[in-house]
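Just below is one structure, and these are the notes that go with it.
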Amino acid sequence: MYYILKKGIWMVNLLKNPSKKSIKKSSETSGKSYPKISYVIFGIALIVSLISLVSVVFPTLISVSVVPNGFERMGLEINKPDPFEVGPLAGLLIFSNAIVFGLYIFRKKIPNVSKIFSFDIPQKISLAIVLILIVGYGSLSFSEVHTNEIYQDWNLVSNQLDTWDLSEIYSFDVYVRYFLLQQSMIIFGSYKVIPLFSSMALLAVTYLFTTSLTKNRLSGLVSVGIVLQSYTFLTFDTSSTYTTFWILFYLVSLYAVVKLWFTNPIFYVASIFCKSLTALFAPMSIFFILNSNIAKKHKIILTGTIIGMIIVGSSIMAVSDIANEEFMWHEFWVGFSAFAFQMRFDGLVILFLVPLLFGLFVASKNNRYANSISILIIGILLTAPLLTGLTDITNQPYRFMPLVVFFATGIG
């Protein structure tokens with residue numbers, strides 16, 4: 001009895017006066033500073049996101065400011081649109097950001113706030129939930145596979161499918177996409193079935209990718225839920241014209257870095273042969289690889305492989321007519337307005353883009369992959385300006401679907 005009482009008094013004293021070792025460990029954790037790269041990435045992310053959001057607040061400001069007016073050059077007077085006319089989402093954007101940053105400033109006054117972000121659920125339950133979500137989504141969307149394609153670009157795609165032959169590959173084109181669409185018609189009698197399966201697989205990989213980066217299954221479910229509510233995703237999920245093949249393969253290539261590193265180039269090449277646009281994602285992939293936890297020699301191999309792919313791709317573009325003769329700066333700046341217009345129905349992404357990037361900066365203290373997600377978001381936001389500045393291609397809403405996925409992963 002005396003021994004038990006003595007032991008109990010010793011434990012109470014230990015709780016009141018923790019050891020020097022525990023104090024040192026606690027102080028090291030609380031005093032941990034942000035990596036220097038986090039400040040650089042957050043600064044770039046803040047600049048790019050704020051420029052992209054200018055057109056949300058003032059829809060015509062960029063176009064009026066940078067696009068040369070041919071009528072004025074001819075001496076003709078025209079009624080110019082008001083560059084400071086406020087957009088419909090401007091007030092909500094400012095209000096939502098004020099609320100989020102206000103909650104962050106006063107977070108210490110909110111009881112048990114840390115428990116909310118440390119909560120997790122058992123693996124079996126999370127897998128059951130994600131399976132129910134994916135199967136339920138697929139069942140509800142299956143009725144769309146027998147509807148006619150509504151996009152005009154489908155005529156071009158269908159002509160390519162009629163003339164394309166797997167045995168006659170001789171140039172740089174989206175052959176993987178053609179092959180999958182062709183197999184969808186042969187096996188299922190519809191071009192939209194495999195695109196639907198691709199979208200279902202995209203949800204599954206989003207869950208696995210987010211869970212692998214955060215080591216939290218609830219975050220994976222949150223990311224799946226955010227993708228499922230996206231207007232952009234639900235608009236193009238079963239489309240045979242604008243398929244999700246390229247996004248799926250690119251996300252798998254990133255997931256492969258974490259789980260099976262040597263398969264990364266295979267899936268990345270597959271994404272390029274589904275849509276050439278993913279070739280512009282090479283710098284993002286290189287950063288993700290260098291910032292990952294894999295062995296240094298594996299990083300060197302993967303980085304060297306992607307750089308080699310960039311050199312080959314650049315050589316192909318140099319002898320083609322894809323790029324303009326000169327970089328069009330006014331088209332580059334107008335490209336930033338594509339985010340506001342093409343994503344106007346995805347209010348969640350627009351309203352919480354800046355808070356998310358700040359949250360990723362905060363999370364980068366304890367999770368290196370937070371910086372990687374920020375780079376992926378920055379890269380997608382810069383894709384539209386670069387595309388319009390370098391080429392004659394116009395921006396389309398489906399090209400922002402990777403942004404939805406990376407936004408969802410970032411929230412997770």
Taking the alpha-carbon centre of each part, the distance from the stretch 229-277 to the stretch 359-412 in Å is 14 Å
Which shape class applies to the stretch 190-283: rounded if a/c is under 1.5, otherwise prolate when a/b exceeds b/c and oblate if not, where a ≥ b ≥ c are the square roots of the Cα gyration tensor eigenvalues? oblate
With the cut-off at 24 Å, tell me which of the pairs Lys259/Lys296; Lys109/Lys215; Lys296/Lys365; Lys275/Lys365 have Cα atoms farther apart than that. Lys109/Lys215; Lys275/Lys365
Provide the per-residue ³J(HN,Hα) series for the stretch 305-312, in order, calculated from phi with Karplus coefficients 6.51, -1.76, 1.60 and θ = phi - 60°, each as a whole number of Hz, with x at glycine and proline positions. 5, 5, 4, x, 5, 5, 4, 5
Kindly state, to the nearest 0.05, the FRET efficiency for Phe119 paired with Tyr231, given R0 = 35 Å and r defined as their beta-carbon distance. 0.75
Candidates per GluC sites (Glu not before Pro) in the stretch 310-412, loop by DSSP, up to 13 other Cβ within 10 Å: Glu325, Glu326
Tell me, what ³J(HN,Hα) does each residue in the stretch 376-388 have, in order and in whole Hz, if you take phi through Karplus 6.51 cos²θ - 1.76 cosθ + 1.60 with θ = phi - 60° and put x for Gly and Pro? 5, 5, 4, x, 5, 5, 7, 4, 4, x, 5, 5, 6
Within the accessible area of the stretch 180-302 (1.4 Å probe), percent carbon and sulfur: 72 percent
Gain in span if fully extended, Tyr39 to Thr394, counting 0.36 nm per residue against the direct Cα distance: 124.5 nm
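The values are calculated or read from the model by the stated rules, or taken from the named source; none is laboratory data. Because the structure is predicted, anything quoted here is derived from the model rather than measured. Don't worry about glycine lacking a Cβ; one is built from the backbone with ideal geometry, like all the others, and counts go over all protein chains shown. The area values use the complete protein model at the heavy-atom level, side chains included, leaving out ligands, DNA and RNA. Shrake-Rupley method; radii C 1.70, N 1.55, O 1.52, S 1.80 Å.
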